[in-house]
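Asker: Next up is a structure, given as structure tokens.
The values are calculated or read from the model by the stated rules, or taken from the named source; none is laboratory data. Computed from a predicted structure; not experimentally measured. Neighbour counts run over all protein chains shown; Cβ positions are idealised from the backbone, glycine included. Side chains are part of the model used for accessible areas, which takes the heavy atoms of the whole protein and leaves out ligands, DNA and RNA. Shrake-Rupley method; radii C 1.70, N 1.55, O 1.52, S 1.80 Å.
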Amino acid sequence: SSDVCSADLAAWQIDKWKSKPPEIPFARVVRETITSVVPTNGKVEPVESAIAHAERPGAVEEILIQPGQHVAKGDELVRLDASEAQAEREAAEARISQIRTELDVIANGGRSADVARLNSDLAHTQLSLDQARAEYQKYQDWLTKGTATRVEVAAHKQKVDELEVQLKGLKDQKAAQVSPSDKASAEARLRDAQSALKLADTRFNQSVVRAPIDGEVYQFDLKRGSYLNAGDTVAMIGRLDRVNVKVYVDERDLGRVIKGMPVRITWDALSGRDWMGVVNKLPTQVTALGTRQVGEIVCLIENPKRELLPGTNVNVEIRAESAENALTIPKEALRNQNGQEGVYLLRGDLIQWQTVTLGVGNTTRTQVTSGLKEGDPVALLVEKTLKDGMMVQAVFP
């Protein structure tokens, strides 16, 4: 008898449980500002950048920078071994000094000691010649008067001739101290030495690699002793207080994006941080990217602490549209029946199908522009199939 009663009770409880309305989660319509977001990803690039190159081959002798350092245009970055160029400079300077001394000698008519000796000899010989000519003339006068002989006159004439030959020889010797060809040769050698010095100066100056622009050193990995060839990259420098982020947006979303729209950037490596900016450049064409058709959009992002580095992969949210004081519901409350968007609205213990008109939406919520009012409870998505007029037990998570 007791067993029969227990079985009847269990059956009654099962029937009651089966007849109990199903528990369905609901959410209420709320008013808020909702923003439509185009999510994508992108890569950071400097707005302005330049590469510092080695201008000549050589080993790195001194490193004057480190990654992340701010440099001004013209600042020294690294110095290459300049010992060979320095030796060439010193040799060229020595040749120039020597040749200029030679030119001074040429300009003065020869070496000072030789010139002094020749000038003294010339003056003495000229004086002797003048005296000999006077004596010769005197004896010629005496010859006409009969007080001198022809032998005496001839002797004085011979002395004049000898002194004239001697004077000419001294003048020739002085002239031979320098010649136009000597000066031309020395000047040619001076030009060659000056060209060699200029080349050595250039090679010496090229031993210092300088910053081509103001900015931050964002790529640099040389070590002391590294060998560089002419044209090799020494460092990459960019202005990083503002950066470009290049992103690819699917063709279907391109119509929602216009220049000047707000952009929010996040980086997985610095969780909790975000950077703001705007859409700065729209695509000029749509191209294939794998299986996608995309357009390249450039966003200009403020980066005052220089934390976003070129080459960084970041997450991007382009805030396409915004609606203030909008009625919104979770996207998981939306259903589609017979091609119409709608929700199941709670009326007492029953649910009622209600079509709606949608507005701005983001990844989790959507605006409802008609069909609902603030505070209305709408059913969220569940595995159980819902029907218009169905009795439910509402649960508000």
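Asker: With everything on Cα atoms, drop me the angle between helix 83-107 and the longest principal axis of the chain, reported from 0 to 90° to the nearest 10.
Answerer: Helix 83-107 sits roughly 30 degrees off the main axis of the chain.
Asker: Could you identify which residue out of Lys145, Lys259, Lys198 has the top mean-square fluctuation in a GNM of the chain using Cα springs shorter than 10 Å?
Answerer: Of Lys145, Lys259, Lys198, the Gaussian network model singles out Lys145 as fluctuating most.
Asker: Moving on. At a 10 angstrom cut-off on C-beta neighbours, averaged per residue, how do the peptides 185-192, 387-394 rank from highest to lowest?
Answerer: Working: 185-192: 14.5, 387-394: 13.0.
In decreasing order of mean packing, 185-192, 387-394 become 185-192, 387-394.
Asker: Would you calculate a helix-derived [θ] at 222 nm for the chain, using -39,500 (n - 2.57) for each DSSP H run of n ≥ 4 and dividing by the full residue count, to the nearest 500? Walk me through the numbers before you get to the answer.
Answerer: On the way: 6 runs with 134 residues, N = 397.
Taking each H run of at least 4 residues, the total per residue is -12000 deg cm²/dmol.
Asker: How many nm separate the modelled label positions at Ile51 and Asp172, each set 7 Å beyond the Cα in the direction of the Cβ?
Answerer: 7.0
Asker: Would you kindly find the accessible area of Met276, with a 1.4 Å probe and non-protein molecules such as ligands, DNA and RNA excluded, rounding to the nearest 10 Å²?
Answerer: 80
Asker: In nm, what is the difference between 0.36 nm times the number of residues separating Glu32 and Ser83 and their Cα-Cα distance? All intermediate terms of the calculation are to be shown ahead of the outcome.
Answerer: Working: separation 51, 0.36 × 51 = 18.36 nm, distance 7.22 nm.
Residue separation times 0.36 nm, minus the Cα-Cα distance, leaves 11.1 nm.
Asker: Sticking with this one: What percent do you get for the relative contact order of the chain when only Cα pairs under 8 Å and 6+ apart count?
Answerer: Details: 743 pairs, mean separation 121.8, N = 397.
Answer for the chain is 31 percent.
Asker: Leaving out ligands, DNA and RNA, and with a 1.4 Å probe, what % of the accessible surface on the chain is carbon or sulfur?
Answerer: Working: 11700 of 23710 Å².
Heavy-atom surface of the chain belonging to carbon and sulfur, 1.4 Å probe: 49 percent.
Asker: If the chain between Gln285 and Asp75 were fully stretched, how many nm would it gain, using 0.36 nm times the residue separation less the Cα-Cα distance?
Answerer: This chain segment gains 71.5 nm when fully extended.
Asker: Hey, which of these cross-link pairs are over 24 Å Cα-Cα: Lys331/Lys384; Lys73/Lys223; Lys20/Lys384; Lys43/Lys281; Lys73/Lys246? All intermediate terms of the calculation are to be shown ahead of the outcome.
Answerer: Values: Lys331/Lys384 18 Å; Lys73/Lys223 22 Å; Lys20/Lys384 14 Å; Lys43/Lys281 15 Å; Lys73/Lys246 27 Å.
Listed pairs above 24 Å: Lys73/Lys246.
Asker: If I fit a long axis through the Cα atoms of helix 150-176 and take the longest principal axis of the Cα atoms of the chain, what angle between them do I get, 0 to 90°, rounded to 10?
Answerer: That works out to roughly 10 degrees.
Asker: Once label points are set 7 Å from the Cα along Cα→Cβ at both Thr369 and Glu302, what is their separation, rounded to one decimal in nm?
Answerer: In this crude spin-label approximation the distance works out to 3.2 nm.
Asker: Something else about it: So if I average 1/r over every pair of distinct C-alpha atoms in the chain and take the inverse, what Kirkwood radius in Å does that give? Mind dumping the intermediate values first?
Answerer: Values: mean 1/r = 0.0309 Å⁻¹.
After inverting the mean inverse Cα-Cα distance, the result is 32.4 Å.
Asker: Per residue, how much accessible area does segment 155-294 show when a 1.4 Å probe rolls over the protein heavy atoms, in square angstrom? Mind dumping the intermediate values first?
Answerer: On the way: 8490 Å² over 140 residues.
It amounts to 61 Å² per residue over segment 155-294.
Asker: Leaving out same-chain residues fewer than 8 places away, which lysines sit with a Cα under 25 Å from that of Lys157?
Answerer: Lys138, Lys145, Lys168, Lys171
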